[in-house]
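After the structure tokens below, expect a handful of questions from me.
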Amino acid sequence: MAKQHEDRRTAYSKKVIREALLELMRDKPLNKITVKEICALADVNRSTFYAYYMDIYDLYRAILKDFFRCQHRIISECSAILVRRPDITDLSVADFTDFYLAYFSIVLENKELFRFVFNRNSDASIHVNLRKLFYRELVKLLPEDTPEKIRGAFYASFIFASGGVTFLLMEWLNNGCRMPVETLAKRAAYFSNGVFNGYRASQ
């Protein structure tokens, strides 16, 4: 029973410490934040902070580690949806909707984590890494005999659509996820469907 109480206390302490860092990063970059500020906002003492993290950067890395685990889950579930489609270069609005519903549902489950990562003071390379991982999985689904010209147009469409969807997702998170996830998925689906249908004309 004592261990269970300790586990709950540990989980709570880590939660408020992470939430404090997120709150502070709304106004300043990581290198301008102090442990003292985090502890004051989280209402914990410094010894509690240092029981779990070596410093602020260790805390930041721990949060990113959780994000990357979540990221791999998203890629796995979305890839499982797309692999059942007969032609990855010819997806319908319904296909895109299923894809984004799986993606955004996981984001909603972990909204505080994604709000942290998509914060304007976070490292922009995280977004780039997510996009690269997504594309690396998508390109595996292209038929081996896909002409290079089509591959190039497909890549350009992916970059264009993923940038728009990322900012759509950021706005949704910043507005408290008030829009139903199904509505957001449909909006992203129509947007992406138009982009990917248009890429044929750009070949």
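Derivation of every value follows stated rules applied to the coordinates shown; laboratory data play no part. What you are looking at is a predicted structure, and each value in this text was computed from that prediction instead of being measured. Every residue, glycine as well, gets a Cβ built from its backbone with ideal geometry; the counts of neighbours run over all protein chains shown.
Kindly provide the GluC sites (Glu not before Pro) of segment 68-173 that DSSP labels as loop, not H, G, I, E or B, and whose Cβ sees at most 12 other Cβ atoms within 10 Å.
On the way: sites: 77, 109, 112, 137, 144, 148, 171; in loops: 144.
Loop-located and lightly packed - 144.
A further question follows. Using mean Cβ contacts within 10 Å as the protection proxy, how do 18-27, 176-185 order, highest first?
The most tightly packed comes first, giving 18-27, 176-185.
Now a separate question. Report relative contact order for the chain in percent, whole number only (criteria: Cα-Cα under 8 Å, sequence separation at least 6).
Answer for the chain is 25 percent.
Now for a different question. Return the FRET efficiency for the residue pair residue 69, residue 9: r is the Cβ-Cβ distance, R0 is 30 Å, and the value is rounded to the nearest 0.05.
Step by step, r from the Cβ atoms, then E = 0.80.
Give me the three principal axis extents of segment 47-124 from the C-alpha atoms, as integers in angstrom, largest value leading.
Cα spread of segment 47-124 along its principal axes, largest to smallest: 56, 22, 20 Å.
Just to verify a number: FRET efficiency for residue 183 and residue 92, C-beta to C-beta distance, R0 = 25 Å, to 0.05? Present the calculation step by step, with values, prior to reporting the outcome.
Details: r = 18 Å, r/R0 = 0.73.
According to the calculation, E is roughly 0.85.
Using 0.36 nm times the number of residues separating residue 149 and residue 34, minus their current alpha carbon distance, what extension gain do you get?
Length gained, residue 149 through residue 34: 36.3 nm.
State whether segment 83-122 is rounded, prolate or oblate according to the following rule on the C-alpha gyration tensor (a ≥ b ≥ c being the square roots of its eigenvalues): a/c under 1.5 gives rounded; otherwise a/b larger than b/c gives prolate, and the remaining case gives oblate.
Prolate, because a/c is 1.5 or more and a/b exceeds b/c.
A further question on this structure: Pairs of Cα atoms under 8 Å, at least six residues apart: use those to get the relative contact order of segment 1-53, whole percent. If you can, show how the numbers build up before the last one.
On the way: 24 pairs, mean separation 19.4, N = 53.
Computed over segment 1-53, the figure is 37 percent.
For segment 82-97 and segment 5-53, write down the distance between their C-alpha centroids in whole Å.
Using only Cα atoms, the two centres lie 43 Å from each other.
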